[in-house]
Amino acid sequence: MLITLSTDFGISSPYVASMKGVLLGINADARIVDLSHSLPPQKLRHAAYFLAQAVPYFPAGTLHICVVDPGVGSRRALLYVEAGTQRFLAPDNGVLTEVLKVLGGVKLARELTETKFWRSAISSTFHGRDILAPVAAHLSLGVAPTELGPVVADFVRLETPAPRQGANWLEGEVTFVDDFGNLITNFPTTILPEAFRVSVAGQVILRFVRTYAEAQPGELVTLISSDGHLEIALVNGNAAEHLRAGSGTVVMVTSAT
Amino acid sequence: MLITLSTDFGISSPYVASMKGVLLGINADARIVDLSHSLPPQKLRHAAYFLAQAVPYFPAGTLHICVVDPGVGSRRALLYVEAGTQRFLAPDNGVLTEVLKVLGGVKLARELTETKFWRSAISSTFHGRDILAPVAAHLSLGVAPTELGPVVADFVRLETPAPRQGANWLEGEVTFVDDFGNLITNFPTTILPEAFRVSVAGQVILRFVRTYAEAQPGELVTLISSDGHLEIALVNGNAAEHLRAGSGTVVMVTSAT
Amino acid sequence: MLITLSTDFGISSPYVASMKGVLLGINADARIVDLSHSLPPQKLRHAAYFLAQAVPYFPAGTLHICVVDPGVGSRRALLYVEAGTQRFLAPDNGVLTEVLKVLGGVKLARELTETKFWRSAISSTFHGRDILAPVAAHLSLGVAPTELGPVVADFVRLETPAPRQGANWLEGEVTFVDDFGNLITNFPTTILPEAFRVSVAGQVILRFVRTYAEAQPGELVTLISSDGHLEIALVNGNAAEHLRAGSGTVVMVTSAT
């Protein structure tokens, strides 16, 4: 069984290594796949977008451990979830909101309460190491999800901001900034007018291209992102830095016909 | 056999990739686990703490390659070490100090001198690629540690700063800063008074919590770190940046009863 | 079959994870090795140097996927290339220039045109996920390279700057800056005079050492890099930051006899 890891632990701390150690210490044959350990700290929306983009491609039965967990040690539950052909271990804080939509909703959800699958000593600040990693290892050894704890019917969802729509305008926002500095917005291509201009951070962008290479280096353009949304890019540059824009920045689309 | 890699090589240089290539070039079936390649350059204390936190969880027989090696090419020895159920390849510069304490001391140590397990050309600045990676690969193929070189009786240890203790005060320091900016100190929880205040970088912290979520975002708190020491945190923020504190910053604990 | 990944996607975006998902979704047994996902965005020279340093060590038959692809979606071809014992999937933009030299030239090159090995929906900005990952997975399942598309005879090469040579001087440049801030130049050791001084960024460096440890922390030195070129280093520090030098910075070597 493949087990993926997505965390906000950072890459110079021992937390990722500790989780791998615990996991492999229980099942040395577990196959671990790193997705990211540089998700921005405590940013649930970023993590939710990230999972929705990547998880659906994995083979059936893959178990995805997601640790972006500002509420660690508090009363928030830890969940085992099945959706589509994928499986998850994550805190109940909304981090799975977007990926569950893509996968068509939840088939099975359990709260992790059965301590016999946990480490014997549980810290109050590192449940990734003390609970999620050992539970994942036990699942990979054949423990049935039904043994992990009781059924959960309801869980936390993040609100997803939808674009507002007027006569000849749309108002939306940047939902994700990638490492290139490209700004992904919440406008699905289906709602865009045939010809349009985009206003963002005090700039107006008229040029809509199919690929980055159609425009000159340094040019601000819009295009269709690889996930089918309106994207704002600075060719061979960093649009987020150039525009001082980020997640939540307002984006206006106005019809230009 | 699992082989872990912990280095300060950084993530955009070809050094990690070269080591993986050499290792897999000799044993294509070797199972490599990345622990970190962003250990701060030449910071032995950071690496020593890192290894002590993560290594003990790994399955028996795991081989840990650690390359933080400011003395590369000089007379410092390269070591093969067994401690507890774990095995190491590392320079003799103290980087194993903390993990060897946790594992209960050294069972076997050899100096790497047998060149037949090395690459044929040895650079003077990259022994990770030219010596450690091929030796690890040969070990994974069944070469006996006794073949690597002579027994070593003594090696370099880092001094570990211990807190100083007065009538109603303790003076210690920050020993590790994680990627969240949390400050881990050298006060084990066992020596803390029942009620206390913490002074660090000109600020006094009164609030002691069990979990980050007990306090408000932006609040400075102390709590017990996941490794059982006093930790200073800024809830949902970066305490190291906020306090301009780092490894070595003095921390005072005074009894508040 | 081993499949390595080298990209400029960055470590907090979902692009690497998507590629791994697609790859493992087609062949769940594929063995993926991360080389780097922090190659500087769109910097073909950096990536070309990186591949040349690392790839030749890998076992015969390893497939290297390289995605630094500023021309994604344009008319640039995507290539399957065999050279030495190694195999590649990469855009035809020169990123393989240096590694092909090291491996002794191209044995076989095909343009990827056969869409049956691609994802069914092809975005115009993410061919790594939509074309390269599925093609790699199919190759790992035994698809013959001849099925991927037609033979390619000619492809894009980067120009490699060679040092200019005068009576008692050499003029070259920094070709690579590693994560330590060490500056690797384009002077192979074979062309260096017996005694020399180095001028770079307004500083003259007289000290030539065999290892970093020969000099004092904070001292600027030159030495032989692990790839056999003249290297400029600040002992236990970052020469690139100290000198404000980078890839392309002019370096003069003058005979000091």
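The values are calculated or read from the model by the stated rules, or taken from the named source; none is laboratory data. Every value quoted in this text rests on a predicted model; they were computed, and no experiment measured them. Glycine also receives a Cβ, built like all others from the backbone with ideal geometry; neighbour counts cover every protein chain displayed. Ligands, DNA and RNA are excluded from the accessible area calculation, which covers all protein heavy atoms including side chains. Shrake-Rupley method; radii C 1.70, N 1.55, O 1.52, S 1.80 Å.
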* From B:Arg210, B:Arg157, which residue is part of a loop (DSSP other than H, G, I, E, B), under 24 Å from B:Leu44 (Cβ atoms) and basic (Lys, Arg)? -> B:Arg157
* Is at least one residue of the stretch B:214-230 more than 30 Å from A:Arg76 (Cα to Cα), in contact with a Ser or Thr (Cβ under 7 Å, 6 or more places away or on another chain) and not hydroxyl-bearing (Ser, Thr, Tyr)? -> no
* Out of A:Gly166, A:Gly149, sole residue that is out of contact with any Leu (no Cβ under 9 Å at 6 or more places or on another chain) and farther than 17 Å from A:Gly246 by Cβ -> A:Gly166
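Is it the case, given these coordinates, that B:His64 is more than 7 Å from every other protein chain (Cβ to nearest Cβ), within 12 Å of the chain's Cα centre (by Cα) and open to solvent by 20 Å² or more (accessible area, probe 1.4 Å)? It would help to see each step written out before you state the result.
Working: more than 7 Å from every other protein chain (Cβ to nearest Cβ): yes; within 12 Å of the chain's Cα centre (by Cα): yes; open to solvent by 20 Å² or more (accessible area, probe 1.4 Å): no.
Criteria not met by B:His64.
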* Asked: So which residues in the stretch A:12-23 are out of contact with any helix residue (DSSP H, G or I) (no Cβ under 7 Å at 6 or more places or on another chain) and either free of Cβ contacts under 8 Å to residues at least 12 places away in the same chain or surrounded by fewer than 21 Cβ atoms within 10 Å (Cβ to Cβ) (or both), if there are any at all?
  -> A:Ser12, A:Ser13
* **Given (1) free of Cβ contacts under 8 Å to residues at least 40 places away in the same chain; (2) assigned to a helix (DSSP H, G or I), number of the condition C:Ala167 does not satisfy** => (2)
* To do: Kindly indicate whether A:Arg87 is open to solvent by 10 Å² or more (accessible area, probe 1.4 Å) and within 13 Å of chain B (Cβ to nearest Cβ).
  => no
* Consider B:Gly142 against the criteria (1) part of a loop (DSSP other than H, G, I, E, B); (2) surrounded by 13 or more Cβ atoms within 10 Å (Cβ to Cβ); (3) assigned by TED's automatic domain parsing to the domain that holds B:Leu78: it satisfies all of them except one. Which criterion is unmet? -> (2)
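Just to check your reading of the model, which residue among C:Val106, C:Val102, C:Val81, C:Val143 is under 28 Å from C:Pro59 (Cβ atoms) and more than 20 Å from the chain's Cα centre (by Cα)? Outline the logic, then answer.
On the way: C:Val106 fails: more than 20 Å from the chain's Cα centre (by Cα); C:Val102 fails: more than 20 Å from the chain's Cα centre (by Cα); C:Val81 fails: more than 20 Å from the chain's Cα centre (by Cα).
The match here is C:Val143.
Identify, from the list C:Gly10, C:Gly61, C:Gly25, C:Gly73, the residue that is modelled with pLDDT under 95 and assigned by TED's automatic domain parsing to the domain that holds C:Ser124. I'd like the intermediate steps shown before the answer.
Working: C:Gly10 fails: modelled with pLDDT under 95; C:Gly61 fails: modelled with pLDDT under 95; C:Gly25 fails: modelled with pLDDT under 95.
Selected residue: C:Gly73, the only one of C:Gly10, C:Gly61, C:Gly25, C:Gly73 that is modelled with pLDDT under 95 and assigned by TED's automatic domain parsing to the domain that holds C:Ser124.
If you take the residues of the stretch A:105-139 that are among the aromatic types (Phe, Trp, Tyr) and open to solvent by less than 40 Å² (accessible area, probe 1.4 Å), which of them is farthest from the other protein chains (Cβ to nearest Cβ)?
Per the criteria, the residue is A:Phe117.
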* Structure fact -> Taking the stretch B:7-23 and keeping residues of a type in the set (A, V, I, L, M, F, W, C) and within 8 Å of chain C (Cβ to nearest Cβ) leaves B:Phe9, B:Ile11, B:Val16, B:Ala17, B:Val22
* Asked: Among (1) more than 8 Å from every other protein chain (Cβ to nearest Cβ); (2) without any contact (Cβ under 8 Å) to a residue 60 or more places away in the chain, where does C:Lys43 come up short?
  -> (2)
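Given the structure, is A:Gly149 farther than 16 Å from A:Ile3 by Cβ and assigned to a loop (DSSP other than H, G, I, E, B)?
So A:Gly149 passes the test.
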* Hey, can you tell me all the residues within the stretch A:159-180 that are open to solvent by 40 Å² or more (accessible area, probe 1.4 Å) and under 21 Å from A:Leu5 (Cβ atoms)? => A:Asp179
* Return the residue satisfying two criteria in turn: it lies in the stretch C:246-256 and is within 14 Å of C:Gly172 (Cα to Cα) and touching a Lys or Arg at 6+ places or on another chain (Cβ under 7 Å), and of such residues it is most open to solvent (accessible area, probe 1.4 Å). => C:Ser247
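Looking only at the stretch A:108-120, which residues are part of a strand (DSSP E or B) and not hydrophobic (A, V, I, L, M, F, W, C)? Write out each step before concluding.
As a first pass, look at the stretch A:108-120 and keep what is part of a strand (DSSP E or B): A:108-111.
Result: A:Arg110, A:Glu111.
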* **Search result, residues across the stretch C:24-40 that are more than 7 Å from chain A (Cβ to nearest Cβ), among the aliphatic types (A, V, I, L, M) and surrounded by fewer than 22 Cβ atoms within 10 Å (Cβ to Cβ)** => C:Ile26, C:Ala30, C:Ile32, C:Val33
* Taking the stretch A:91-104 only, how many residues are open to solvent by 40 Å² or more (accessible area, probe 1.4 Å) and on the phi > 0 side of the Ramachandran plot? -> 1
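Has the stretch A:182-203 got any residue that is assigned to a helix (DSSP H, G or I), without any contact (Cβ under 8 Å) to a residue 60 or more places away in the chain and more than 14 Å from chain C (Cβ to nearest Cβ)? Explain how you work it out, then say what you get.
From the stretch A:182-203, those assigned to a helix (DSSP H, G or I) are A:189-191; that's our starting set.
Adding the requirement that they be without any contact (Cβ under 8 Å) to a residue 60 or more places away in the chain leaves A:189-191.
The next check asks that each one be more than 14 Å from chain C (Cβ to nearest Cβ); those that pass are A:190-191.
Yes, the stretch A:182-203 has at least one match.
Confirm whether C:Ala48 is more than 24 Å from B:Ile26 (Cβ to Cβ), hydrophobic (A, V, I, L, M, F, W, C) and either open to solvent by 10 Å² or more (accessible area, probe 1.4 Å) or more than 7 Å from chain A (Cβ to nearest Cβ) (or both). Write out each step before concluding.
Values: more than 24 Å from B:Ile26 (Cβ to Cβ): yes; hydrophobic (A, V, I, L, M, F, W, C): yes; either open to solvent by 10 Å² or more (accessible area, probe 1.4 Å) or more than 7 Å from chain A (Cβ to nearest Cβ) (or both): yes.
Against the criterion (more than 24 Å from B:Ile26 (Cβ to Cβ), hydrophobic (A, V, I, L, M, F, W, C) and either open to solvent by 10 Å² or more (accessible area, probe 1.4 Å) or more than 7 Å from chain A (Cβ to nearest Cβ) (or both)), C:Ala48 qualifies.
Would you point out the residue of the stretch B:192-229, among those that are open to solvent by less than 20 Å² (accessible area, probe 1.4 Å) and aliphatic (A, V, I, L, M), that is nearest to B:Thr175 (Cα to Cα)? Steps first, please.
Of all residues in the stretch B:192-229, those open to solvent by less than 20 Å² (accessible area, probe 1.4 Å) come to B:198, B:200, B:205, B:209, B:211, B:215, B:221-223, B:225.
Subset that is aliphatic (A, V, I, L, M): B:198, B:200, B:205, B:209, B:215, B:221, B:223.
Numbers: B:Val198: 15, B:Val200: 13, B:Ile205: 18, B:Val209: 20, B:Ala215: 24, B:Val221: 17, B:Leu223: 15 Å.
Per the stated criteria, the residue is B:Val200.
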* Structure fact -> Inside the stretch C:230-245, the number of residues satisfying the requirement of being surrounded by fewer than 18 Cβ atoms within 10 Å (Cβ to Cβ) and over 14 Å from C:Phe180 (Cβ atoms) is 1
* Structure fact -> Conditions (1) in contact (Cβ under 8 Å) with a residue 40 or more places away in the chain; (2) open to solvent by 30 Å² or more (accessible area, probe 1.4 Å) -> C:Ala77 fails only (2)
